[in-house]
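Notes follow the structure.
The values are calculated or read from the model by the stated rules, or taken from the named source; none is laboratory data. Just so it is clear, the structure is predicted and the values come from calculations on it, not from any experiment. Neighbour counts are summed over all protein chains in view; Cβ atoms, including those assigned to glycine, are modelled from backbone coordinates with ideal geometry. Keep in mind that these areas ignore ligands, DNA and RNA; they rest on the heavy atoms of the full protein, side chains included. Shrake-Rupley method; radii C 1.70, N 1.55, O 1.52, S 1.80 Å.
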Amino acid sequence: MAVEELQSIIKRCQILEEQDFKEEDFGLFQLAGQRCIDEGHIEQLVEIIQNEKNKVIINNMGWNLVGPVVRCLLWNKEDEKRKHYFLMLDLLVKLCNPKELLLGLLELIEEPSGKQISQIILLLLQPLQTVIQKLRNNKAYSVGLALSTLWSQLSLLPVPYSKEQIQTDDYGLCQCCKALIEFTKPFVEEVINDKENSVESENEKLKDELLKFCFKSLKCPLLTAQFFEQSKEAGNDPLRCFASEIIGFLSAIGHPFPKMIFNHGRKKKTWDYLEFEEEEDKQLADSMASLAYLVFVQGISIDQLPMVLSPSYLLQFNMGHIEVFLQRTEESVFSKGVDLLENGLLRIEDNSLLHQYLEIKSFLTVPQGLVKVMTLCPIETLKTHDNKWFTGPQLISLLDLVLFLPEGAETDLLQNSDRIMASLNLLRYLVIKDNEKDNQTGLWTELGKIENNFLKPLHTGLNMSKAHYEAEIKNSQENSQDVQKSKDLCSVTVGGEEIPNMPPEMQLKVLHSALFTFDLIESVLARVEELIEIKTKSTPEENIGIK
């Protein structure tokens, strides 16, 4: 019944001119074709599509059948009729209006979610490529629209993190990346081959669309992607291969990566996409950082770099990219900033950095970002136990800068209270975490020096400071009645400096606040000394649970 109904519609449309087709005809054709598919009349439908007499009708209306055919291919994985579905899809791609077909295919790609995203992309990439290549006008726009739609859908897929996740590829992202490269290659080759023959403006538009796609790919999935170690396995890493191809595309369309990354962020640039850079500045910063990581840490196409560049220059230029990485909160991203910084520093000889570099903003912000990673990151791999810089002599050299009073017992404890409290809390943490028997930090070897240079002078300074402020409070209280009678402001001298004029009540609050600060320091100091005493007298088993 469905086949006869479709043939009746076709017979009526065969006597009409193309321009006389009505919207009603399109709707009836789609409904009848859908019923043929639902009822399993696939072979008869294929014959109708192949019939030369129906060529004009299929060219105008056939694209409406692509959706039902694609859904059958997705749902009926084991169906014996799949070969007929594939044949029908190929025929429709070959015979239908490419402009309408392009929009229909992109709508189908935008529909699914979850794991179905990769399934439909892998199914439709080849037909989509064929359709675009058939277009005579606005090919650059069509390529850009297709790449943008594909990228938007792929960006919804989770990026595999571990080697096992990359190998299993549950969501199909790695397969899609590989297929997407094959989809894009003909258009890259078209730019290369048509540099002299094609219309210049159309060729430049196509280059623009390909450039945007490369930048987007550098951000997603490559910004968060993890890669196998550089070994024999690296060649089997699908995301690394994808990165290599993307960098190759950049060079092929006339934008080699050294030219781009060395000029990104400069006021005077030597490449021509200023408007794009200004519009997409944040995205471009992420993309350029990703590109720098791929080149310098992963070594992809690093042989294209000029050999004359000094290690200090490379570090200077990479600091901006490192800053971008460290601003992110995902471990897969900020860990790349740490790797890129390490890569740059290992190239440089000790004591070779110029002090003028401190005038560059990123040389100040990157260490701040590292502090955040060290203090807030819960990932053990970034604070590993075997890091020599935080154990033994290397740690002690850092503690010497922290556990001391600049002027000994005469140090202004109020002025330095924040620093002193931070130092005491650090010492308290180290005493709790490290046992005298293990002595991983080297703290217990240097305990005598710490007591003489920091703890004992701090005791003396606290006693002197508290006595001084208590005397000032007493003097202020004794003189308060005379001051209240005259209603004048009074002044108090503390530590050789005069506190600005203020009412007596306010002066007393300031002095009491200082005493409270000293009491707080004293309480933490007492707890540190108590912990040291417990640790030095107890066994390792008894130390468990000390806080």
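I'm told residue 234 meets every condition in (1) exposed (fewer than 15 other Cβ atoms within 10 Å of the Cβ); (2) at pLDDT below 70 except one. Can you identify the failing condition by its number?
Going through the list (1) exposed (fewer than 15 other Cβ atoms within 10 Å of the Cβ); (2) at pLDDT below 70, residue 234 breaks only (1).
Cβ-Cβ under 7 Å, sequence separation 6+ or interchain: first residue in the range 116-144 and in contact (Cβ under 8 Å) with a residue 60 or more places away in the chain and of a type in the set (A, V, I, L, M), partner assigned to a helix (DSSP H, G or I) and surrounded by fewer than 20 Cβ atoms within 10 Å (Cβ to Cβ). Which pairs?
Final answer for the pair search is 140/202; 140/205.
So is residue 89 in contact (Cβ under 8 Å) with a residue 12 or more places away in the chain, part of a helix (DSSP H, G or I), over 20 Å from residue 147 (Cα atoms) and open to solvent by less than 10 Å² (accessible area, probe 1.4 Å) or not?
Here the answer is yes, as residue 89 does meet what is asked.
Return yes or no: is residue 65 of a type in the set (A, V, I, L, M), touching a residue at least 40 places away in the same chain (Cβ under 8 Å), open to solvent by less than 50 Å² (accessible area, probe 1.4 Å) and within 22 Å of residue 133 (Cα to Cα)?
no
State which residue pairs qualify: first residue farther than 21 Å from residue 534 by Cβ and inside the range 441-462, second residue of a type in the set (Asp, Glu) in any location, beta carbons under 6 Å apart, and separation of 6 or more residues or different chains.
Pairs found: 462/522.
Residue-wise test of (1) more than 27 Å from residue 10 (Cβ to Cβ); (2) under 39 Å from the mean Cα position of the chain (by Cα).
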| position | (1), (2) |
| --- | --- |
| 73 | no, yes |
| 84 | no, no |
| 96 | no, no |
| 102 | no, yes |
| 105 | no, yes |
| 132 | yes, yes |
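I'm trying to understand the selection: among the residues of the range 299-340, which are part of a helix (DSSP H, G or I), among the small types (Gly, Ala, Ser) and farther than 18 Å from residue 357 by Cα?
Of the range 299-340, the ones part of a helix (DSSP H, G or I) are 302-304, 311-326, 331-340.
Imposing the further condition that a residue be among the small types (Gly, Ala, Ser) reduces the set to 312, 320, 332, 335, 337.
Once the filter is applied, which keeps residues that are part of a helix (DSSP H, G or I), among the small types (Gly, Ala, Ser) and farther than 18 Å from residue 357 by Cα, the range 299-340 yields 332, 335, 337.
Could you please find all residues in the range 92-111 being in contact (Cβ under 8 Å) with a residue 40 or more places away in the chain and farther than 22 Å from residue 60 by Cβ?
109, 110
Can you tell me which condition residue 104 does not meet? The list is (1) loosely packed, with under 14 Cβ neighbours inside 10 Å; (2) assigned to a helix (DSSP H, G or I), and all the others hold.
(1)
Kindly provide the set of residues from the range 2-32 that are closer than 15 Å to residue 55 by Cβ and either part of a helix (DSSP H, G or I) or at pLDDT 80 or above (or both), ordered by number.
Answer for the range 2-32, where residues must be closer than 15 Å to residue 55 by Cβ and either part of a helix (DSSP H, G or I) or at pLDDT 80 or above (or both): 10, 11, 13, 14, 18, 29.
Looking only at the range 168-194, count how many residues are assigned to a loop (DSSP other than H, G, I, E, B) and open to solvent by 70 Å² or more (accessible area, probe 1.4 Å).
2
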